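*Asks:* Following this message is one structure expressed as structure tokens.
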2 protein chains.
Amino acid sequence: MFDLQAYLTDRREEIDRALDRALDRGTEDSRIVAAMRHSLMGGGKRLRPVLCMAAAGAVGGNASGKTARAAACALEMIHTYSLIHDDLPAMDDDDLRRGKPTCHRAFDEATAVLAGDALLTLAFESLAAAAMDGSGISPDRWLRVIREIAAAAGHHGMIEGQMRDIAAETTPLDREALEAMHSLKTGALIRASVRAGAMLGGGTETEIDALDRYAAQIGLAFQVTDDILNVEGDPAVMGKAAGTDASRNKSTYPGLMGLTASRSFARKLVENALQALDAFNAASDPLRAIARYILDRKR
Amino acid sequence: MFDLQAYLTDRREEIDRALDRALDRGTEDSRIVAAMRHSLMGGGKRLRPVLCMAAAGAVGGNASGKTARAAACALEMIHTYSLIHDDLPAMDDDDLRRGKPTCHRAFDEATAVLAGDALLTLAFESLAAAAMDGSGISPDRWLRVIREIAAAAGHHGMIEGQMRDIAAETTPLDREALEAMHSLKTGALIRASVRAGAMLGGGTETEIDALDRYAAQIGLAFQVTDDILNVEGDPAVMGKAAGTDASRNKSTYPGLMGLTASRSFARKLVENALQALDAFNAASDPLRAIARYILDRKR
């Protein structure tokens, strides 16, 4: 039986060590590095980097090799930058993130804007540096990884999703628009994480496509369970407040279809994700376990 | 005699057309694209892209070829993102930029943060896409260009410079600290612009090093003349207010060494820049003319 908790613990330790090194170049007294470190090393599920590494393993590559790890770190930097900026007073105006003060609370607003900018920039610097390091991956494949990650994070992906999320505060979304918003705001980068791992693991186009379908399903399942947790989760376990969606009149799956139907929908999405893995062998067991875990998670 | 104005007009038209295309993919009704376009297409000197293209030409490459132009556009996107974020209420809180309302004034603060993020991200997507397009440049050289541009824009370069510029509002800088701040805040990206052009133009390491020295000198000269213009420039010509440095107690060259010594210093820097070009032939005349133009500019 595959032990997901042990797998997650190992991958997270690898990721945290690599992220720590990425920020550790004689800059201990730098305020910008302190702010980047505050948000980047603040815990978190490391979902995107774990998915990237697991996808590399699923296609027969080395999940813990430095190639997949480099992409994994870049993806976490991009995710963290997006959280820092989303938390700003001009956006969600949040005080807590991952159980700690948000970046602009722990430092100041200007520093938080710049720390986000710096993490986004460092992600691409890290990717290019890893690519130059080679590790048996062709530069062409690395360039494709860089382009896909940038496209997923940009104004046709994550950033457009955030724009729609903000607009939804005043104009509620129907279910189709909610799904489109999520597929942009979080789905695009989750898919890019899995695709990047599959590419760097040496996957074929057929494998990359199958893993992309897996990622699209679990990405949405993750959002549905996020909405559910916001209704019934334990703030102490989640490290953030519950009930915030309702008080902000946010469009959510529980709000649009009720809690019971939301749970069924999440289960259906995870089943679809598992089906997309049908042609894969036991090397994709971590991806299977992650899909099931999304249904049961408490934070 | 080399006609700089005609050269600048031609390069700017090429850059503006390419930037316009980069934002033009069926997204006319997108608020984020409108905000990106507002700031990116708002005029501007296009100093970084012109330098990139001129450097490609100086080493015998094609200054107007699509390779140098792609890097030039990415550099302008990065420069523009930094202006959008610098103008935010939490930073300089500026209302006007390039003679138009700043992004957060024309749109709103959240949109301005995200438009900056999107331009930074698009810069790297564009670089990777151009690299995959080939154009006779090896993927390895493209990866080096991407890494150098990211490093220059990041927390060891431009972003650290902005942090120091903000800190200087409360703790005045001496001349050494002022020079260090400028070499980070603007010098790093200007050097990366020239270096990227030289690399993509097929320059040797010796040529890249010489052009790097040129760029470091004109980058600083540009800042010194910027400070001078803030004292004695014409707001109508500059498209932004004058006298703002003094009213904000900013550390400036005129403030630290007086106007006359500042002018001599700028002249000396430009002379050094021209010396760095000694080994180059007439193909570097645009770079020479740009160096001289920095002394005489009115905006």
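*Asks:* Against the conditions (1) under 27 Å from A:MET1 (Cβ atoms); (2) open to solvent by 60 Å² or more (accessible area, probe 1.4 Å), where does A:GLU205 fall short? Just the number, please.
*Replies:* Here A:GLU205 meets the rest and fails (1).
*Asks:* List the number of the failed condition for B:PHE107; all other conditions in (1) of a type in the set (A, V, I, L, M, F, W, C); (2) open to solvent by less than 10 Å² (accessible area, probe 1.4 Å); (3) over 17 Å from A:MET158 (Cβ atoms) hold.
*Replies:* Single failed check for B:PHE107: (2).
*Asks:* Out of the residues in the range A:122-137 that are open to solvent by 40 Å² or more (accessible area, probe 1.4 Å) and more than 8 Å from chain B (Cβ to nearest Cβ), which is modelled with the lowest pLDDT?
*Replies:* So, considering only residues that are open to solvent by 40 Å² or more (accessible area, probe 1.4 Å) and more than 8 Å from chain B (Cβ to nearest Cβ), the one modelled with the lowest pLDDT is A:SER135.
*Asks:* Let me ask you something else. Using beta carbons and a limit of 6 Å, which pairs, at least six apart or on different chains, have the first residue in the range A:152-169 and over 19 Å from A:ALA196 (Cα atoms) and in contact (Cβ under 8 Å) with a residue 60 or more places away in the chain and the second one of a type in the set (D, E, K, R) and assigned to a helix (DSSP H, G or I)?
*Replies:* The qualifying pairs are A:GLN162/A:LYS185.
*Asks:* Could you list, in sequence order, the residues of the range A:57-84 that are open to solvent by 20 Å² or more (accessible area, probe 1.4 Å), charged (D, E, K, R) and within 15 Å of the chain's Cα centre (by Cα)?
*Replies:* Correct list: A:ARG69 only.
*Asks:* For the range A:237-253, indicate whether the set of residues that are crowded, with 19+ Cβ neighbours inside 10 Å, in a helix (DSSP H, G or I) and in contact (Cβ under 8 Å) with a residue 24 or more places away in the chain is non-empty.
*Replies:* yes
*Asks:* Still on this structure, I have one more. Answer with yes or no whether B:ALA6 is in a helix (DSSP H, G or I) and in contact (Cβ under 8 Å) with a residue 40 or more places away in the chain.
*Replies:* Working: in a helix (DSSP H, G or I): yes; in contact (Cβ under 8 Å) with a residue 40 or more places away in the chain: no.
The answer is no for B:ALA6.
*Asks:* With respect to A:MET132, determine if the residue is aliphatic (A, V, I, L, M) and touching a residue at least 12 places away in the same chain (Cβ under 8 Å).
*Replies:* Details: aliphatic (A, V, I, L, M): yes; touching a residue at least 12 places away in the same chain (Cβ under 8 Å): no.
Answer is no for this residue.
*Asks:* Being open to solvent by less than 30 Å² (accessible area, probe 1.4 Å), part of a helix (DSSP H, G or I) and farther than 17 Å from A:ALA215 by Cα is the filter; apply it to the range A:162-186 and report the residue that is farthest from the other protein chains (Cβ to nearest Cβ).
*Replies:* Only one residue tops the list, namely A:LEU178.
*Asks:* Would you please name the residue that is modelled with the lowest pLDDT, looking only at residues in the range B:23-56 that are more than 14 Å from chain A (Cβ to nearest Cβ) and surrounded by fewer than 24 Cβ atoms within 10 Å (Cβ to Cβ)?
*Replies:* Quick first cut of the range B:23-56, residues more than 14 Å from chain A (Cβ to nearest Cβ) only: B:41-56.
Restricting the remaining residues to those that are surrounded by fewer than 24 Cβ atoms within 10 Å (Cβ to Cβ) gives B:41-47.
On the way: B:MET41: 93, B:GLY42: 72, B:GLY43: 80, B:GLY44: 85, B:LYS45: 89, B:ARG46: 96, B:LEU47: 95.
The qualifying residue modelled with the lowest pLDDT is B:GLY42.
*Asks:* For A:ARG97, only one of the following conditions fails: (1) surrounded by fewer than 24 Cβ atoms within 10 Å (Cβ to Cβ); (2) more than 11 Å from every other protein chain (Cβ to nearest Cβ); (3) modelled with pLDDT under 95. What is its number?
*Replies:* (1)
*Asks:* While we're looking at this one, here's another question. Confirm whether A:ILE159 is surrounded by fewer than 24 Cβ atoms within 10 Å (Cβ to Cβ) and at the interface with chain B (Cβ under 8 Å from one of its Cβ atoms). Step through it out loud before you land on a result.
*Replies:* Numbers: surrounded by fewer than 24 Cβ atoms within 10 Å (Cβ to Cβ): no; at the interface with chain B (Cβ under 8 Å from one of its Cβ atoms): yes.
No, not satisfied.
*Asks:* Which one of the conditions (1) closer than 25 Å to A:MET163 by Cα; (2) open to solvent by 10 Å² or more (accessible area, probe 1.4 Å); (3) of a type in the set (Asp, Glu) does A:ASP87 fail to meet, given that it meets all the rest?
*Replies:* (2)
The values are calculated or read from the model by the stated rules, or taken from the named source; none is laboratory data. This is a predicted model, so every value here is computed, not measured. Note: ideal-geometry Cβ built from the backbone for every residue, glycine included; neighbour counts use all protein chains shown. Keep in mind that these areas ignore ligands, DNA and RNA; they rest on the heavy atoms of the full protein, side chains included. Shrake-Rupley method; radii C 1.70, N 1.55, O 1.52, S 1.80 Å.
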